[in-house]
Amino acid sequence: MKKGTNKKTKMTVLIKIAMLIMAMTVITIASLIYFKMLVADTKDVKEQEYSQYTRHYAFIADNMENEFWEEVYQGAKRRGEETDVYLECFGSSAAVEYSKEELLKMAIAAKVDGIVLEADESTEILQLIDQAADNQIPVVTVMTDSYGSKRQSFIGIGSYNLGREYGRQIIRVSTKETKRVLIILDEHMDDNGKNILCTGINETIYNEGNHLNLVIDTMEVSDKSTFGPEETIRKIFMKKEELPDIIVCLNEQATISACQAVVEYNLVGEVDIIGYHITDAIGNAIQRNLLAATIVVDSGKMGADSVDSLNEYIETGYVNDYVVMDVDSVTDNNVREYMENAAK
């Protein structure tokens, strides 16, 4: 009885071992087949990525969390896809935050085919642009130029025309009781650009609004930090006795901060705000009468033009030194139409 039982037990064990070996063999074979398929798929993806693009451009801006710059980048990226260009937003996938100068150095070291750059007046940026040019890497500056550098083209808004458009909106919202206008300037904007913009505002008011008696003041604020414009504008609204009749904002962050402050301090209707750029939040502010007007530029076209300029220079050796973008005004009369068109 015991011998039979032992034999039966041994057979059961052997069968289980055999089944286990067979199961492991099947799993191993299936794993090998799956791994081989993954390798093949990865190879196909890599081959597709490398064969899809003929050029590699770097896109570098101070603050990619700013919706305006994201729109510029997306416009440039779409044009890149249309022209066999891979546009990389440098630093976007990095675990640490790099400065604009560091990103520019990285792009040069990576030997990209071209660079789209939000420049500034600093000596280091100028030297890095020149270093890129010396390494046969063309640079197109956007919105803010680097005067005297070896950049190939600058794509921006004419400061004088921008000032004239702001001047027209100041005149439109002003009454005989309007006395003081405060212009909040970007700290990083070059001095020449600030002077030309203010000249455009003043000359427009002098020529087209000479029935008004306005005092124009200016204040500088940095838009590089999240709380820079917000803190500055809060201080303006806290001094109600010194509150200007019109506040002119030259960047998106300052515009949104001013709209928030109007509501927070219960001053809707007591101060007119003229802003910059158009987003859903800014469009809604116009519809709610928190914002009198906003000055807009086609940010997507600006990005597309930057890629076009790099392509033209690489292909022909020539490109326009300065490409001026048109500006427009959005008010309560056309905000719905403008936002509907932007959503298409």
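5 Å is the cut-off here: which amide hydrogens, built 1.01 Å from N in the peptide plane, fall below it relative to Val142, excluding neighbours closer than 5 in sequence?
Leu117, Glu118, Ala119, Ile155
Tally Lys/Arg at +1 and Asp/Glu at -1 over every other residue whose Cβ is under 14 Å from the Cβ of Thr218; what's the total?
Net local charge, Thr218 excluded: -3.
Regarding region 252-315, what whole-number volume in Å³ per residue does the convex hull of its Cα atoms give?
74 Å³
State to the nearest 20 debye the size of the charge dipole of region 159-314 about its Cα centre, where the only charges are +1 on K and R beta carbons and -1 on D and E beta carbons. Don't skip to the answer; put the middle values down first.
Working: 14 positive and 25 negative charges, 114 e Å.
Computed about the Cα centre, the dipole is about 540 debye.
Order the peptides 322-333, 70-81 from the highest to the lowest mean number of other Cβ atoms within 10 Å of their residues. Can you show the working numbers first?
Values: 322-333: 15.0, 70-81: 20.7.
Per-residue mean Cβ counts within 10 Å order the peptides as 70-81, 322-333.
If we count every other residue with Cβ under 14 angstrom of Glu315's Cβ, Lys/Arg +1 and Asp/Glu -1, where does the sum land?
Overall, the nearby charge balance is -3.
Taking the mean number of other Cβ atoms within 10 Å as a proxy for protection, how do you rank 245-257, 198-210 from highest to lowest? Mind dumping the intermediate values first?
On the way: 245-257: 24.8, 198-210: 16.4.
Highest-to-lowest ranking by the protection proxy: 245-257, 198-210.
From the residues Ser122, Tyr147, Thr178, which one has its Cα farthest along the dipole of region 80-217 in the positive direction, the dipole being from +1 and -1 charges on Cβ of Lys/Arg and Asp/Glu about the Cα centre?
Checking the options against the dipole of region 80-217, the answer is Thr178.
So, counting K/R as plus one and D/E as minus one, what does the shell of residues with Cβ under 9 Å around Thr83 add up to?
With Lys, Arg at +1 and Asp, Glu at -1, the neighbours total -2.
Quickly rank 189-196, 140-147, 235-242 as a protection proxy: mean count of other C-beta atoms within 10 Å, highest first. Intermediate values should be presented prior to the final figure.
Working: 189-196: 15.8, 140-147: 22.5, 235-242: 11.8.
Most protected by this proxy first, the peptides run 140-147, 189-196, 235-242.
Can you tell me the dipole magnitude for region 165-239 around its Cα centre, using point charges on the Cβ only (Lys, Arg +1; Asp, Glu -1), in Debye to the nearest 20?
Using Cβ point charges on Lys, Arg, Asp and Glu, region 165-239 gives about 460 debye.
For Asp84 and Glu208, compute 0.36 nm times the residue count separating them, minus their Cα-Cα distance, and round to one decimal in nm.
39.9 nm
If you average the C-alpha positions of region 134-175 and of region 83-111 separately, how far apart do those two centres end up, in angstrom?
Using only Cα atoms to place each centre, the spacing works out to 23 Å.
Mind checking the dipole of region 238-309: about its Cα centre, +1 per Lys or Arg Cβ, -1 per Asp or Glu Cβ, Debye to the nearest 20? Show your work: numbers first, answer last.
Working: 4 positive and 11 negative charges, 26 e Å.
Charge dipole, region 238-309, about its Cα centre: 120 debye, nearest 20.
Using a 1.4 Å probe and counting only protein heavy atoms, arrange Glu65, Glu82 so the residue with the most accessible area comes first.
Most to least solvent-accessible, the answer reads Glu65, Glu82.
The values are calculated or read from the model by the stated rules, or taken from the named source; none is laboratory data. From a predicted model like this one, the values you see are computed outputs, not experimental measurements. We place every Cβ from the backbone using ideal geometry, glycine too, and count neighbours over all the protein chains shown. With ligands, DNA and RNA removed, areas are computed over all heavy atoms of the protein, side chains included. Shrake-Rupley method; radii C 1.70, N 1.55, O 1.52, S 1.80 Å.
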